[in-house]
Amino acid sequence: MKETWVGVWQRQENELEFSLELLRKNAHARRAPYRILPSDFKKSLSVDPYALSSVLRVYPNGLEIGTVRGEYAAHTRWSKFVSIALFIFAGFVAFNLLDSVFTGSFIGTMFSALIAYFCLCVGMVFWRSAMHQVVDDPVLFNRKSRMVYARPYIYGGFCSFWVRGHHGPAVAYRWDDQIRARIYNYVYFRGANLASEGFELALLAIRDGTPSVVEQLIPLGTQANSFDSDQLSLWEHIRQYMEEGGPPLQPGDKLRATDLSRVPEFPLEILADTGGPALDQEAIDRLVQLKRTPGV
């Protein structure tokens, strides 16, 4: 892995400001960025480009990238296990609750009822995530029109667990002046006294008509530990695709292994501008091989 010339920032943002809604909902908006990637997309990051299993679909003129949420949502076994365990525990608490309604104290009964309801809510959130909810948030990069399209995810209810999350309408942003990129780092705990540093690449979309107000902050690709080299490589891959006619996948890269039937598609009028429907693996391989051919 080459060493990038883009230095570590790790202090407060000086170029952009975040909307109040983003500050309230997104922890990255309240953090100082680890790196501020150049807004001049013609400048290479001087790293090797890789897609790193972040590409969802490839179009003749478009590249669809998944998000960090989609990296984890694609693996549903853990969600199913947690939901079933919580359902069993909630049923056990409810059974004992019925048995103690007339014999237990009022405070104890209400406390048990709250525990059962909380476990039911959390279990339904995990079950809905594993079985029914969309599993990724596609971001479409169209190098022909130089536009970027996003479909913001609207989370469902927690206490009202029957409300499902869904994607809002597609929002368009100009690649040249409405898109910025940042890398954020944070510390998370994997157990008692066991802390790790995580890194995420974030796509920042500027609100139209404003010079610097960020409307959306979308963690792209995958989360990494210890180093942010994966995030730098993914952004270099996207940058080369948009600016230099780079391939949709690098040699050795693969599409993200996920259930595409549960990943929302963009409207037909947007897809028409990308040159038609998504390409199959054989057509993608031909494009990658074409880009590897000298003189092409």
Leading residue by the ranking (farthest from Ser19 (Cα to Cα)) among those in region 199-224 that are modelled with pLDDT of 95 or more and small (Gly, Ala, Ser):
Ala202
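Report the residue count in region 8-45 for those that are part of a loop (DSSP other than H, G, I, E, B) and not polar (S, T, N, Q). Even if it seems obvious, please write down each step before you answer.
Just the residues of region 8-45 that are part of a loop (DSSP other than H, G, I, E, B), to begin with: 8-16, 19, 26, 31-34, 37-45.
Going one step further and asking which of them are not polar (S, T, N, Q), we end up with 8-9, 11, 13, 15-16, 31-34, 37-38, 40-43, 45.
Qualifying residue count, region 8-45: 17.
Any chance region 75-97 includes a residue that's outside any loop (DSSP other than H, G, I, E, B), at pLDDT 85 or above and either of a type outside the set (D, E, K, R) or within 30 Å of Arg286 (Cβ to Cβ) (or both)? Please lay out each step first, then the result.
Looking only at region 75-97, we keep the residues that are outside any loop (DSSP other than H, G, I, E, B), and these are 77-97.
Within this subset, residues satisfying the condition of being at pLDDT 85 or above are none.
No, because not a single residue in region 75-97 is outside any loop (DSSP other than H, G, I, E, B), at pLDDT 85 or above and either of a type outside the set (D, E, K, R) or within 30 Å of Arg286 (Cβ to Cβ) (or both).
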Using the structure shown, decide if Ala32 is under 27 Å from Ala172 (Cβ atoms), of a type in the set (A, V, I, L, M, F, W, C) and assigned by TED's automatic domain parsing to the domain that holds Pro247.
no
Does Arg24 fit the bill of being touching a Phe, Trp or Tyr at 6+ places or on another chain (Cβ under 9 Å) and farther than 26 Å from Gln240 by Cα?
no
Among (1) modelled with pLDDT of 95 or more; (2) more than 17 Å from the chain's Cα centre (by Cα); (3) not in a loop (DSSP other than H, G, I, E, B), the one test that Arg57 misses:
(2)
For region 128-173, give me the residue count where each residue is modelled with pLDDT of 85 or more and closer than 18 Å to Pro267 by Cβ.
19
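For region 181-190, check the following and say yes or no: at least one residue is modelled with pLDDT under 75, under 30 Å from Thr222 (Cβ atoms) and in the same structural domain as Glu21 (by TED's automatic domain parsing).
Initial filter on region 181-190 (modelled with pLDDT under 75): 189-190.
Adding the requirement that they be under 30 Å from Thr222 (Cβ atoms) leaves 189-190.
Still in the list and also in the same structural domain as Glu21 (by TED's automatic domain parsing): 189-190.
Checking region 181-190: at least one residue is modelled with pLDDT under 75, under 30 Å from Thr222 (Cβ atoms) and in the same structural domain as Glu21 (by TED's automatic domain parsing).
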Looking at region 235-244, is at least one residue surrounded by fewer than 17 Cβ atoms within 10 Å (Cβ to Cβ), more than 19 Å from the chain's Cα centre (by Cα), without any contact (Cβ under 8 Å) to a residue 60 or more places away in the chain and under 15 Å from Val58 (Cα atoms)?
no
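The values are calculated or read from the model by the stated rules, or taken from the named source; none is laboratory data. Computed from a prediction, not measured in an experiment: that's the story for all the values here. Cβ: placed from backbone, ideal geometry, glycine included. Neighbour counts: every protein chain shown.
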